[in-house]
1. Name the residues in segment 544-557 that are at pLDDT 90 or above and either over 13 Å from Asn605 (Cα atoms) or within 33 Å of the chain's Cα centre (by Cα) (or both), would you?
2. Checking Val486 against (1) at pLDDT below 90; (2) touching an Asp or Glu at 6+ places or on another chain (Cβ under 8 Å); (3) buried (at least 19 other Cβ atoms within 10 Å of the Cβ): exactly one of these is not met. Which one?
3. For the condition in contact with a strand residue (DSSP E or B) (Cβ under 7 Å, 6 or more places away or on another chain), under 24 Å from Glu704 (Cβ atoms), modelled with pLDDT of 85 or more and not acidic (Asp, Glu), what is the one hit in Ala520, Ala528?
4. Picking from Thr160, Thr98, which residue would you name as being at pLDDT 90 or above and surrounded by fewer than 19 Cβ atoms within 10 Å (Cβ to Cβ)?
5. Could you check segment 551-573 and list, in sequence order, the residues that are surrounded by 21 or more Cβ atoms within 10 Å (Cβ to Cβ) and either polar (S, T, N, Q) or touching a strand residue (DSSP E or B) at 6+ places or on another chain (Cβ under 6 Å) (or both)?
6. Say we look at segment 37-69 and pick out the residues that are modelled with pLDDT of 75 or more and open to solvent by less than 40 Å² (accessible area, probe 1.4 Å); which of these is farthest from Ile94 (Cα to Cα)?
7. Would you call Ser404 over 25 Å from Leu422 (Cα atoms), among the polar types (S, T, N, Q) and either open to solvent by 50 Å² or more (accessible area, probe 1.4 Å) or touching a residue at least 12 places away in the same chain (Cβ under 8 Å) (or both)?
8. Can you find a residue in segment 408-427 that is touching a Gly at 6+ places or on another chain (Cβ under 7 Å), at pLDDT 85 or above and open to solvent by 50 Å² or more (accessible area, probe 1.4 Å)?
Amino acid sequence: ENFRFTQLSGEVTNKGQFTISEALGKTRWELPIELGEAEWAQHRGALQAHQTFTDFEYRIVVADGSMRYYSARGEPMFDAQGKFKGYRGTANDITVRTLAQLRIHRLNRVYAVLSGISTMIIRVLDRDELFRESCRIAVEVGKFPKAWMATVKPDSKRVTLVASAGMEVSFFERLVAQVNEERGHGRGLVARAISAQQPVISNDISQDPQVICQEDAVATGTRSIAVLPLLVAGEVTAVLVLNAGETDFFDAEEMKLLTELVGDIAFCLDHIEKAQRLDYLALHDALTGLPNRKLFLERVAQHLHAASPERPKLALIIIDIERFRIINDSLGRTAGDEILKQIADRCLAVTANPALFARVGADQFALLIPDLKADDDVARMALLRDRQIFGAALVVGGSELKISARFGIAIFPADGVDAEHLFKNAEAALKKAKASGEHYLYYTQQMNERVAEHLVLENKLRRALENDEFVLHYQPKVALESGRIVGVEALIRWLSPERGLVPPLQFIGLMEETGIILQAGAWALRQAVRDYDHWRERGLVAPRIAVNVSPIQLRQRDFVQTVEQILQQGARPHGIDLEITESLIMEDVAGNIEKLEAIRSLGMNIAIDDFGTGYSSLAYLARLPVHTLKIDRAFIITMLKDAKAMSLVSTMISLAHSLRLKVVAEGVEEEEQAKILRLLRCDEMQGYLFSKPLPLDQMTALLEHAPGKTEVAPIV
């Protein structure tokens, strides 16, 4: 009879064949049987010591590849002189008994896993925890070398790793990535299990081409694999993958227990998902998926708890869809639901934090606006949301439908210090808006009046831009030594048909809050280019025009590109410069230096306006690509009475000159101020002592009648 010996379960044996006749004359321990190194060493020591041995178990692989198990016992033989002659004894075939014991041991492992998971699923409340605990129990209790679980996407059937045990997570992440790649080609045990909705096993992965990452699996102690799909409502929603360290591990009995095990996990998963769905529906609107009133008020309460008198205000807005019941009754419930879903989608698309938007009634939505810097912000936000959500018509059943809404607004803390009161007051404001026909209404009447005034002014400013109601006035800059005009500053004015000439203090702030300043600033730059060309066409020595830049303008990514495009609309060379406040430059020094260098490359001079009111660093000031410092008028008007102010003016002039910068003193109104500035070697002055800001025609006349007092300042 032939016997063949192979490598099995990590135990090394001799390889080859021998027959019974070839074994004659050999001692028993010389035969190539299967045994671990430690056991061999212990047994060989007993033999060499000529000791009796009993119940010595070993195994061999016979010619058909099957395993046989034996138990041997023997005693040493000695001759009359006590010389060792050999051993005599018996070897009994215990294959049936051993296989039965191994079977019981393996089944006990699976029973232990089944019991552990059955106990665990009673208490677990979360899907990820369920998966993590299942993998942990499989490895720690069931002694499986590795286990991992992944969810299955219904459409693509891609798997996503959720939990694993037995190896580093990175190992399983690489494996899952390979599983998804091979799944696309229809290969792999996982793909087969998902497709068939049945368990798939491989009891000798070294001989199975369907096994993915075969070499890595063998190298990490895996010999058999079982992929067990979890079915919920007839769909595979997840898979459990178990690795065993023995070949032929997963037999029919074990698979029956493992199928029961994944059935329990699937039942628990279904229960968790249903419970989570119920919890979700308790806090969300089933139709739109938005938070409902209960969850919305909880989130409002959280924000109010974090708010304080020092922090910005908050606003709660309730939005009511007009004539919704009529639309619902006339077009049908399906069309009404579609309208609500489309409105919800638009709301989510324009809301910075979707968690702060909710459906709070059949035809009502609510919005929380945190971090209000000014009360007026909420009015603009409401107006913006109105345009974004209800501006375009909805398409329902192939027809366009125009929907409008009313807004009730309450402000924290003035209109309520807790979520319930704030919400009720917003409802009260909405009710009043619906009764009065107002589009937006605040809970507090004073807020309605003030915000209404600002909204009216904002709309008028927008129309003023459209109707070309803005004009530029020019205030000359005069050289202190010669008295000649060396430049002018362009100052925007609003020539309102109703209010006449409106000074900038009454509208510039609102322009910056609303963003209108971007359009107004671009207009001012274009108008300055046109006016400069106008003076040159009249044959005048046109002074350079300095245009003020708003913080919002400079923060725009395309600021330099916008300036360049406007300059290209005029004659070359242009005569336009920019004035930028000190505090604005210091907001983002590195970014602003880059922008200002690009501006300089366009042939523009740059002045730092209101110098002395900000917090410039000398290191940064030396790096800024500017050519002029304008000392704020607050220092000029007080320097004759305040020695400290005089000292500051003197220091600023010296500092500017040390950096090779020109100095312009703003707000010069008295001759005595001009004399002191000359003594301090200030370069230029600007103020009512020489001229107030003049409209274009008066500035043109001044240039025409005082040609000897006009000179062109060079580009530095």
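The values are calculated or read from the model by the stated rules, or taken from the named source; none is laboratory data. Every value quoted in this text rests on a predicted model; they were computed, and no experiment measured them. Reconstructed Cβ throughout: ideal geometry from the backbone, glycine too, with neighbour counts over all protein chains shown. Calculation scope for accessible area: heavy atoms of the full protein, side chains included, ligands and nucleic acids excluded. Shrake-Rupley method; radii C 1.70, N 1.55, O 1.52, S 1.80 Å.
1. First, the residues of segment 544-557 that are at pLDDT 90 or above: 544-549.
Answer for segment 544-557, where residues must be at pLDDT 90 or above and either over 13 Å from Asn605 (Cα atoms) or within 33 Å of the chain's Cα centre (by Cα) (or both): just Val549.
2. (1) is the only condition that Val486 fails.
3. Ala528
4. After applying the criteria, what remains is Thr160.
5. Gln553
6. Looking at the filtered set, the residue picked out is Gly45.
7. On the way: over 25 Å from Leu422 (Cα atoms): no; among the polar types (S, T, N, Q): yes; either open to solvent by 50 Å² or more (accessible area, probe 1.4 Å) or touching a residue at least 12 places away in the same chain (Cβ under 8 Å) (or both): yes.
It is false that Ser404 is over 25 Å from Leu422 (Cα atoms), among the polar types (S, T, N, Q) and either open to solvent by 50 Å² or more (accessible area, probe 1.4 Å) or touching a residue at least 12 places away in the same chain (Cβ under 8 Å) (or both).
8. Within segment 408-427, the subset touching a Gly at 6+ places or on another chain (Cβ under 7 Å) is 410, 422, 425-427.
Filter once more, so that each one left must be at pLDDT 85 or above: 410, 422, 425-427.
Subset that is open to solvent by 50 Å² or more (accessible area, probe 1.4 Å): 427.
Within segment 408-427, one or more residues are touching a Gly at 6+ places or on another chain (Cβ under 7 Å), at pLDDT 85 or above and open to solvent by 50 Å² or more (accessible area, probe 1.4 Å).
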